[in-house]
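Provided herewith is a single structure, encoded as structure tokens, for subsequent inquiry.
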Amino acid sequence: MGKIYLGPDTPGYMDLQISALYASTAYCFKESKDKVANGVYVKAELIFNGHNQQIIMISFKADFPKTFEDWSNKLFNFDSKFADSNGVNFDSEFYKRYKSLERRLISKIEPILEEAKTLSSGIVDSIRFVGHGMGEVFAILAGYHMALQPNNPFEVIVHTFGQPRIGNTQSTSFIWKLMNEGKMDVLRVTHSNDYLPRIPQSSSFLHPPFEMWIESDCNCRANDGNDRVYGCYGPFNEFLDVYIESNECLNGQPTQSKIANLGPYFQHIMGKCPHPDFEE
């Protein structure tokens, strides 16, 4: 297992900054064309990634409970998992909500996919799903289903900020298999002030690798040099055939009951606080 320091000069850090920016702007979604259902918005657009290529950026915003008690007591049914067509188990409440809106989500994404397919080979680098709060639940599930499409021509990348555990060891192992096959790349960003990535606190639920942990006791202020950002992965479990969560990062910190809005994530990745409109 390991924990390595990450900084702005780390390869791929700029890509993460782009994801943080678009996860933030999702909180400004107010147009009806972005609305999928009450409290659920998705925006699909082609953007430049800074490497003379374009990304299909899919940003999600979804309303979600404000307290950790609501997350723990109302949203999760620890004994209820929903198996998809591959037999992979996810939290039933999350998965059923996603599936109930999947056709409408796809209808928002399809036009930009078709546009991207008309461009010259190599112009579009990847399709990226980003989100925070409930938005990240849609991001990881939408990315998972895109990675399963047999004729998908794009690399699938998922960047989430404060994602709760939505699957069991089986789904984590299956996502790791997709990552090993080059069909999907997942990075979840966590923060010391955020309780959400640590629930449900049940051995039945497990995050997929890998984690970027923001070690900080702040909410959103100027970085005073005492905060650190680490890339983390836990020990490799041969039975599950996957890296499990690292106790050197968020999972090994004292339990607390805060839920961080996007501000702390944005501030540390981008080096500044977001506009007040981006706060939940």
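Suppose we filter Phe68, Phe29 for residues that are of a type outside the set (S, T, N, Q), modelled with pLDDT under 70 and in contact with a strand residue (DSSP E or B) (Cβ under 7 Å, 6 or more places away or on another chain); which single one remains? It would help to see each step written out before you state the result.
Values: Phe68 fails: in contact with a strand residue (DSSP E or B) (Cβ under 7 Å, 6 or more places away or on another chain).
Checking each option against the conditions leaves just Phe29.
Additional query: Within the range 172-190, is there a residue that is open to solvent by 20 Å² or more (accessible area, probe 1.4 Å) and assigned to a strand (DSSP E or B)? Explain how you work it out, then say what you get.
Restricting attention to the range 172-190, the residues satisfying the condition of being open to solvent by 20 Å² or more (accessible area, probe 1.4 Å) are 173-174, 176-177, 179-183, 185, 187.
Still in the list and also assigned to a strand (DSSP E or B): 185, 187.
Yes; the residues of the range 172-190 include at least one that is open to solvent by 20 Å² or more (accessible area, probe 1.4 Å) and assigned to a strand (DSSP E or B).
Follow-up. Only one of (1) open to solvent by 30 Å² or more (accessible area, probe 1.4 Å); (2) modelled with pLDDT under 85; (3) polar (S, T, N, Q); (4) part of a loop (DSSP other than H, G, I, E, B) is not met by Gln149, so which one is it?
(2)
Any idea which residue in the range 220-274 is modelled with the highest pLDDT, counting only those that are touching a strand residue (DSSP E or B) at 6+ places or on another chain (Cβ under 6 Å) and among the aromatic types (Phe, Trp, Tyr)?
Kept after step one, since they are touching a strand residue (DSSP E or B) at 6+ places or on another chain (Cβ under 6 Å), are these residues of the range 220-274: 228-234, 236, 243-244, 246, 248-250, 260, 262, 264-265, 268.
Checking which are among the aromatic types (Phe, Trp, Tyr) leaves us with 230, 233, 236, 243, 265.
On the way: Tyr230: 77, Tyr233: 75, Phe236: 80, Tyr243: 76, Tyr265: 74.
Out of the qualifying residues, it is Phe236.
Take the range 152-171 and flag every residue that is surrounded by fewer than 24 Cβ atoms within 10 Å (Cβ to Cβ) and polar (S, T, N, Q).
Asn152, Asn168, Thr169, Gln170
Kindly indicate whether any position in the range 153-169 is β-branched (Val, Ile, Thr), within 21 Å of Tyr243 (Cα to Cα), in a loop (DSSP other than H, G, I, E, B) and under 15 Å from the mean Cα position of the chain (by Cα).
First pass over the range 153-169, keeping only residues β-branched (Val, Ile, Thr): 156-158, 160, 166, 169.
After this cut, where a residue has to be within 21 Å of Tyr243 (Cα to Cα) as well, the list is 156-158, 160, 166, 169.
If we keep only those that are in a loop (DSSP other than H, G, I, E, B) too, we end up with 166.
Subset that is under 15 Å from the mean Cα position of the chain (by Cα): 166.
Yes, the conditions are met somewhere in the range 153-169.
Quick check on Glu115: is it touching a residue at least 40 places away in the same chain (Cβ under 8 Å), in a helix (DSSP H, G or I), out of contact with any Ser or Thr (no Cβ under 6 Å at 6 or more places or on another chain) and of a type in the set (Asp, Glu)? Lay out the reasoning, then the answer.
Working: touching a residue at least 40 places away in the same chain (Cβ under 8 Å): yes; in a helix (DSSP H, G or I): yes; out of contact with any Ser or Thr (no Cβ under 6 Å at 6 or more places or on another chain): yes; of a type in the set (Asp, Glu): yes.
Judged against the criteria, Glu115 is a match.
Something else now. Can you pull out the residues in the range 123-140 that are open to solvent by less than 10 Å² (accessible area, probe 1.4 Å), closer than 15 Å to Leu16 by Cβ and in a strand (DSSP E or B)? Break it down into steps so the answer makes sense when it comes.
Going residue by residue through the range 123-140, those that are open to solvent by less than 10 Å² (accessible area, probe 1.4 Å) are 126-140.
Now narrow it down to the ones that are closer than 15 Å to Leu16 by Cβ: 126, 128-132, 136, 139.
Those that are open to solvent by less than 10 Å² (accessible area, probe 1.4 Å), closer than 15 Å to Leu16 by Cβ and in a strand (DSSP E or B): Ser126, Arg128, Phe129, Val130, Gly131, His132.
The values are calculated or read from the model by the stated rules, or taken from the named source; none is laboratory data. None of these values were measured; they are calculated from a predicted model. Backbone-built Cβ (ideal geometry, glycine too); neighbour counts: all protein chains shown. For the accessible areas, the whole protein counts, side chains as well, though only heavy atoms, and no ligand, DNA or RNA atoms are used. Shrake-Rupley method; radii C 1.70, N 1.55, O 1.52, S 1.80 Å.
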